[in-house]
2 protein chains.
Amino acid sequence: MTATVVAVPDGAPDWLVTAVRDGGATIGPLSAADALMQVGATGGLPALSDQVRWVQLSSAGIEGYLRSGVIDDRRVWTSAAGAYADTVAEHAVGMLLAGVRGLVTAAGRTRWDPAAVARSTTGLGGSTVAVVGAGGIGRRVMALLAPFGVTTLAVNRSGQPVDGAARTIPADRIEELWSAGVDHVVLAAPATAASHHLVGADELAALTPASWVVNIARGSLIDTDALIAAVTAGRIAGAALDVTDPEPLPDGHPLWTAPGVIITPHTANPAHLAHGALAARIRENVARFVAGRQLLGVIDLGAGY
Amino acid sequence: MTATVVAVPDGAPDWLVTAVRDGGATIGPLSAADALMQVGATGGLPALSDQVRWVQLSSAGIEGYLRSGVIDDRRVWTSAAGAYADTVAEHAVGMLLAGVRGLVTAAGRTRWDPAAVARSTTGLGGSTVAVVGAGGIGRRVMALLAPFGVTTLAVNRSGQPVDGAARTIPADRIEELWSAGVDHVVLAAPATAASHHLVGADELAALTPASWVVNIARGSLIDTDALIAAVTAGRIAGAALDVTDPEPLPDGHPLWTAPGVIITPHTANPAHLAHGALAARIRENVARFVAGRQLLGVIDLGAGY
């Protein structure tokens, strides 16, 4: 049996080399490789011969690769979708709680003003939370929310019932979500043509003055202008955003100072937390590749993620 | 059988009257009452004859009543201890997540600076959280934290193992906690002589530059000067405080602007959320009183809570 050869970028970090070897493959040059780990590469994707049967990317969202057209159909491509679910879901729940517990209102104050903060403390227990996108992150969000006593409404592509959701709505009937009595929304869906401006003026109008919108997916899922209008008018309580449109958000953009908005600069999955999760995913996928088994995170060119 | 008569303060809210009646008692004047619901009263406690066999207070922490000496041993007194566990525990977990997810660092920023926020995003999963005080709030905090994959160390008076805790340490041996590898601390213990300045310079020195201290109990549990010194020197990451010492925190106090500190002005249990929980507790306790059963939240004068 010939050893499986996996190429890594020049100057690959030790943890990547270790993960590939622990998965059971040998590190070798791209010219001799069966697979490429496109992780931590500073340049773009190198030219690939047909001998390279698999490319592992390091990000969970891969719409940029799709747009640039480098993802071909001559080999299997995998993203890190789902690998970062634990840390990103933690971030989403932290953002939602920061909203409903009045922390966004309290942050930066320098006067003891209980009335102002209490007004924005609505609590999570007993509320209905829509989780849009029930992949690894969305399902993990639901698991973390369960003990808080929330009712979860899931949205996924298939409409197949999601464990723990009171109701699962297929993405192509998402309009049903907005009439289902949603208090808060967590966006965890990939950026596709179908999810572009998934939350706009009409959807925001279906929420309440106590509602929070959390986005840990991609900025394009929200119509930024409509969001600013909704928080400014107090039609919703606020938005907690790890991603924005545009991104990076430029200095002076009105979203920075819109009332009830808190922004983390795409830090739900910071590098120092991501490495461990990506190493585990790569070790697992290399082992699967060596054994000829189905890889995790295979990109579906038709679905766009 | 004579009806049980319960007195409520002048101008008692409808929900209180309803809770007493739903519990099976009749509302009547204090002069004819078997029990007093000291809830929402604007003045102090009225003079009580020995006919009043039970007084229900509306707060969970009752050290102020104890200090003033009004709690006598001629009847049973109950606090609302445990009644607000759901909302206060939610607040505690929200504060801890806001800390470890970099939200305290991110709040109020108006520039896209991922490096600064990522540095303070350490994550909760895999960490060890000390929950000091394993009453209703502490146990609820532990239940909410469980799915995040944290190891919990509980501290209670008895040292009797607390469900879900990797280890339970009796309060009189709390020094063992600080050498047990604690990442974060949630304070949920009553204010007593024993818990005064439970977290001081020595305890803070046992934590790490990534540690968060959350206080949803009473301000006196933390040595404020020592806390300010620790966050200012970066010996811990920050503190999320719903209670302070002094409280209310005066304008210009250095805690307002200490790095990594977020303060909610004793709003973990705002009135609009508390009413429902207190109504349920009163309904239950009145029913128990009518039936001659043990009440919930009986104050232990010896323990001081």
Taking the Cα centroid of segment A:80-98 and of segment B:76-138, what is the distance between the two, rounded to the nearest whole Å?
15 Å
Nearest 20 debye, what's the magnitude of the dipole of segment B:85-263 about its Cα centre given +1 on Lys and Arg Cβ and -1 on Asp and Glu Cβ?
480 debye
Between residue B:163 and residue B:31, what FRET efficiency comes out of the Förster formula 1/(1 + (r/R0)^6) with R0 = 41 Å and r the beta carbon distance, rounded to 0.05?
0.35
Among A:244, A:105, A:224, flag the residue with its Cα farthest along the positive direction of the charge dipole of segment A:85-263, charges on Cβ as +1 for Lys/Arg and -1 for Asp/Glu.
A:105
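On average, how many beta carbons from a partner chain sit within 10 Å of the beta carbon of a residue in B:84-93? If you can, show how the numbers build up before the last one.
Details: counts 0, 0, 6, 5, 0, 3, 9, 8, 2, 8.
That average works out to 4.
Return the percentage of antiparallel bridges among DSSP beta bridges fully within the protein assembly as shown, rounded to the nearest 5 %.
5 percent
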Report the full-extension gain for the segment residue B:196 to residue B:70: residue separation times 0.36 nm, less the Cα-Cα distance, to one decimal in nm.
43.2 nm
Using only atoms on other chains, find how many Cβ atoms lie within 10 Å of each Cβ of peptide B:257-264 and report the average.
3
FRET efficiency for residue A:119 and residue B:176 from the Cβ-Cβ distance with R0 = 35 Å, rounded to 0.05, comes out at 0.25
Which residue fluctuates the most in chain B, going by a Gaussian network model with Cα springs under 10 Å, if the choices are B:77, B:256, B:212?
B:256
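From other protein chains only, count the Cβ atoms within 10 Å of every residue's Cβ in B:239-248, then give the mean.
Shielding by partners across B:239-248 averages 1.
Quick check for me: using +1 on Lys/Arg Cβ and -1 on Asp/Glu Cβ, what's the dipole size of chain B about its Cα centre, in debye to the nearest 20?
Values: 20 positive and 26 negative charges, 119 e Å.
The dipole magnitude comes to about 580 debye.
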For segment A:109-125, Karplus-derived ³J(HN,Hα) couplings (6.51, -1.76, 1.60; θ = phi - 60°; whole Hz; x for glycine and proline) come out as 5, 10, 9, 6, 9, x, 4, 5, 6, 4, 4, 9, 9, 9, x, 9, x
I need the peptides A:158-168, B:53-63, A:35-45, B:15-25 ranked by packing, meaning the mean over residues of other C-beta atoms within 10 angstrom, with the highest value on top.
B:53-63, B:15-25, A:35-45, A:158-168
When the Debye formula is applied to the Cα atoms of segment A:85-263, each taken as the same point scatterer, what base-10 log of I(q)/I(0) results at q = 0.11, 0.13, 0.16, 0.18 Å⁻¹?
-0.42, -0.59, -0.91, -1.17
Residue of B:115, B:188, B:291 that the Gaussian network model of chain B assigns the largest fluctuation, springs spanning Cα pairs under 10 Å:
B:115
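Among A:227-234, B:258-265, B:93-100, what's the highest-first ranking by average C-beta atoms within 10 angstrom per residue? Kindly include the intermediate steps, with their values, before the conclusion.
Working: A:227-234: 17.2, B:258-265: 21.6, B:93-100: 30.1.
Result, highest mean first: B:93-100, B:258-265, A:227-234.
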Helix by helix, which DSSP H runs in chain A go 20 Å or more along their axis at the Cα atoms and have an average Kyte-Doolittle hydropathy of 0.0 or more?
A:85-100, A:271-291
Per DSSP H run of at least 4 residues, take -39500 (n - 2.57); add these up for chain A, divide by its residues and hand me the 222 nm value, nearest 500 deg cm²/dmol.
-8000 deg cm²/dmol
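Rule-based calculations on the coordinates, nothing more; no lab input. Keep in mind it's a predicted model, so treat the numbers as computed, not measured. Because the Cβ atoms are built from the backbone with ideal geometry, glycine has one as well, and the counts that use them run over all protein chains shown.
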